[in-house]
1. Which of the lysines could a cross-linker span from B:LYS13 if the Cα-Cα distance has to be under 25 Å and same-chain partners fewer than 8 positions apart are dropped?
2. Using the Karplus curve 6.51 cos²θ - 1.76 cosθ + 1.60 with θ = phi - 60°, what ³J(HN,Hα) values do you get for each residue of the range A:113-126, in whole Hz, with x for Gly and Pro?
3. Taking R0 as 25 Å, what's the FRET efficiency between A:ASN155 and B:LYS162 from their Cβ-Cβ distance, rounded to 0.05?
4. Just want to confirm a number: the relative contact order over the range A:84-166, from Cα pairs under 8 angstrom separated by 6+ residues, in percent.
5. Do any GluC sites (Glu not before Pro) in the range B:1-103 lie in a loop, going by DSSP, with at most 11 other beta-carbon atoms within 10 Å of their beta carbon, and if so which?
6. Write down the Kirkwood hydrodynamic radius of the range A:94-225, to one decimal in angstroms, obtained as one divided by the mean of 1/r over all alpha carbon pairs.
7. Top mean-square fluctuation among A:TYR214, A:TYR110, A:TYR180, Gaussian network model of chain A, C-alpha springs under 10 Å?
8. List B:GLU185, B:GLU219 from most exposed to least, where exposure is judged by having the fewest other Cβ atoms within 10 Å.
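Bear in mind that the values in this text are calculations on the coordinates, not laboratory data. Please read all numbers here as calculations on a predicted model, not as lab measurements. Every residue, glycine among them, receives a Cβ derived from its backbone with ideal geometry; neighbour counts consider all protein chains shown.
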There are 2 protein chains.
Amino acid sequence: MLVYQGKTKDLHKDSEGNYYFQFKDDVTGKDGVFDPGENQVGATMEGSGKSNVIVSTFFFELLKEKGIPTHFVSSDAENSTMQIKPATVFGEGLEVICRFKAVGSFVRRYGMYVESGTDLDSYVEFTLKDDDRQDPLITQDALEQLGILKDGEYNRLKELTKDISEILKEALAEKDLELYDIKLEFGRLDGSDEIVLIDEVSGGNMRVYHQGEYIDPLELVNYFN
Amino acid sequence: MLVYQGKTKDLHKDSEGNYYFQFKDDVTGKDGVFDPGENQVGATMEGSGKSNVIVSTFFFELLKEKGIPTHFVSSDAENSTMQIKPATVFGEGLEVICRFKAVGSFVRRYGMYVESGTDLDSYVEFTLKDDDRQDPLITQDALEQLGILKDGEYNRLKELTKDISEILKEALAEKDLELYDIKLEFGRLDGSDEIVLIDEVSGGNMRVYHQGEYIDPLELVNYFN
């Protein structure tokens, strides 16, 4: 049963009540050109669904080893599926970004104070998922004022994001890849208030460089085979 | 001696070393139409300099009575001047906003979660003064990461902003005026690290309503005569 149709993957529930993602070969972009920053589906890339399952599985299994709670249960790369535990997002969806280098929207906002490429100390910020408003930045006070986060959740999300990002940064460094920034999504596990990492963890969520060269998100899988 | 030429006032230093603002009748706006949200001078309004001195003096004197540190020394409405203690802004200038009602940029950013006119609980947020980047919103972590604020200063500014805004809200309520939001600027007093309220406190810094009707910033002075 189709529960939710997403841009790059659909959420299904099977007859036994298990939830799983069906990854698609659709990628975000515009006019047929892939762009992970775009909020709409604009292109199809053969094999991208499978690639995202392979990369996500690697990271979710690594995070499990390190004791980080996630919604991941298991995956099947051949069929581009991933079984997950159901969770509810914060508000209409919240993204938590960790930055090790000042690039992208950070420099567009704060270019008066920082040059592109400057090191940042695992700086964390939150944005709302809202295509119409270009995913606006939001502060702790606004998240609590609008009832999107409860007391204590901001700091829990910030700490989890730092921990996860450090783990991924180290794992990428072992492959001679440098993590510049990463965008994570969290939810509360259904039936409890436990906060877990949700969605996928793949090239489209992060900026990765190899010896100073930007790695196309869809090429990231080549380092995991 | 002219120290700094601003959009709506100039900063002078006299022969005895005193600093004072010379308010001008120039107002921010575009194509001859007054707009307090605009970042450029676009119109001239006869008497606006004097009006801003009268309103600012009222508020600065009230704040002094309540024990709030400000850069205000004295003023001369006839000559549109205000003597101040010299202070240095944070970074290239930082604005601290307190909101009692959700309007303006707050709704443009968070309209998915809040309707225009909703009550807010003296919500405080910080923006950078940067005309080219439309005064971007900035979080506590970014302010500290970029070296704009030192440890403890964020909370001090937030508390001062809440206290000042509550005092002004009450004073306006006594005139049957309702404060929706207000934008303040702070600096460190030269020769010490004491944080004080700087700039002016006039109609252009706040949204004020009278019995549900928006009060033009230049009309606010009529309630102070």
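1. B:LYS24, B:LYS50, B:LYS64, B:LYS85, B:LYS129
2. With coefficients 6.51, -1.76 and 1.60, one gets 10, 9, 8, 4, x, 5, 5, 10, 8, 6, 6, 10, 9, 10 Hz.
3. Details: r = 21 Å, r/R0 = 0.84.
Rounded to the nearest 0.05, the efficiency is 0.75.
4. Values: 89 pairs, mean separation 26.2, N = 83.
Taking the mean separation of contacting Cα pairs over the length of the range A:84-166, I get 32 percent.
5. Details: sites: B:GLU16, B:GLU38, B:GLU46, B:GLU61, B:GLU65, B:GLU78, B:GLU92, B:GLU95; in loops: B:GLU16, B:GLU38, B:GLU46, B:GLU92.
Here the GluC sites (Glu not before Pro) that fit, given the DSSP loop and packing criteria, are B:GLU16, B:GLU46, B:GLU92.
6. Working: mean 1/r = 0.0631 Å⁻¹.
Evaluated on the range A:94-225, it is 15.8 Å.
7. Result for chain A, Cα springs under 10 Å: A:TYR110 fluctuates most.
8. Numbers: B:GLU185 19, B:GLU219 13.
Fewest-to-most ranking of B:GLU185, B:GLU219: B:GLU219, B:GLU185.
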